Amino acid sequence: QKKKIEALRAVRRVLSQSEVPPIQVAIKAGAVPLLVQYLSFGSSDEQLLEAAWCLTNIAAGEPEETKSVLPALPLLVAHLGEKSSTLVAEQCAWAIGNVAGEGADLRSTLIAQGALWPLARLMLSSKGSTARTAAWALSNLIKVMISCFDCMSLKFLMPEFNSYLFPSSYYGLGVLRQKRKVSPI
């Protein structure tokens, strides 16, 4: 277990510290299926955090690299829930935000997999960085919502944005107001 975590940490450091991270090398070496396996429930929080962080870094790559993370989405979304630690949930939100930022198709996939509500709930976290990360990820995710849902379905988001109104949340509010007229907060 300790060696696995050390290996995950080494991969994460390589993917996050390089000016040109070797994301393609990691993908071709089969890292994504292993990282998905390491996200399984029942794993230690340290293992979950490192695996999610590696996936976050891969999802920050080029569009095709981001798409390689698709098999991890169900577990990333699941770890936004109450059964995961705040640190793990925050890292999963960051990975989801990176994926959502890559395009409408990926945002639609995330919405279909149920990422919306858990991100909205995560914005209520008492930990500021978690709330900000969730707000940022949610703002990336809802870019597509206006075109596929009635604006009334977004009203539930307003209390969450209002509860944790950080500068990173302003973008999400702007997206909501720009796409359709939403009642003032």
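The values are calculated or read from the model by the stated rules, or taken from the named source; none is laboratory data. If you're wondering where the values come from, they're calculated on a predicted model, not measured in any experiment. Cβ placement follows ideal geometry from the backbone for every residue including glycine, while neighbour counts extend to all protein chains displayed.
Things worth noting here:
- Where a residue in segment 52-76 is under 15 Å from L87 (Cα atoms) and its partner, wherever it lies, is aromatic (F, W, Y) and in a helix (DSSP H, G or I), with Cβ under 6 Å and at least six apart: T56/W94
- Residue list for segment 77-120, restricted to those being over 24 Å from E46 (Cβ atoms), touching a residue at least 24 places away in the same chain (Cβ under 8 Å) and part of a helix (DSSP H, G or I): A100, A104, L106, R107, S108, T109, L110, I111, L116, A120
- Boolean, A115 is surrounded by 22 or more Cβ atoms within 10 Å (Cβ to Cβ) and among the hydrophobic types (A, V, I, L, M, F, W, C): yes
- Options L55, L35, L49, L73; residue that is surrounded by 19 or more Cβ atoms within 10 Å (Cβ to Cβ), in contact with a Cys (Cβ under 8 Å, 6 or more places away or on another chain) and either of a type in the set (S, T, N, Q) or closer than 16 Å to V88 by Cβ (or both): L35
- Residues within segment 1-53 that are part of a loop (DSSP other than H, G, I, E, B) and of a type in the set (A, V, I, L, M), tallied: 3
- Yes/no for V182 being over 15 Å from the mean Cα position of the chain (by Cα) and modelled with pLDDT under 55: yes
- Condition met for S43 (among the polar types (S, T, N, Q), free of Cβ contacts under 8 Å to residues at least 40 places away in the same chain, within 19 Å of K4 (Cα to Cα) and surrounded by 14 or more Cβ atoms within 10 Å (Cβ to Cβ)): yes
- Which numbered condition L110 fails, given (1) of a type in the set (A, V, I, L, M); (2) modelled with pLDDT of 60 or more; (3) farther than 25 Å from A59 by Cα: (3)
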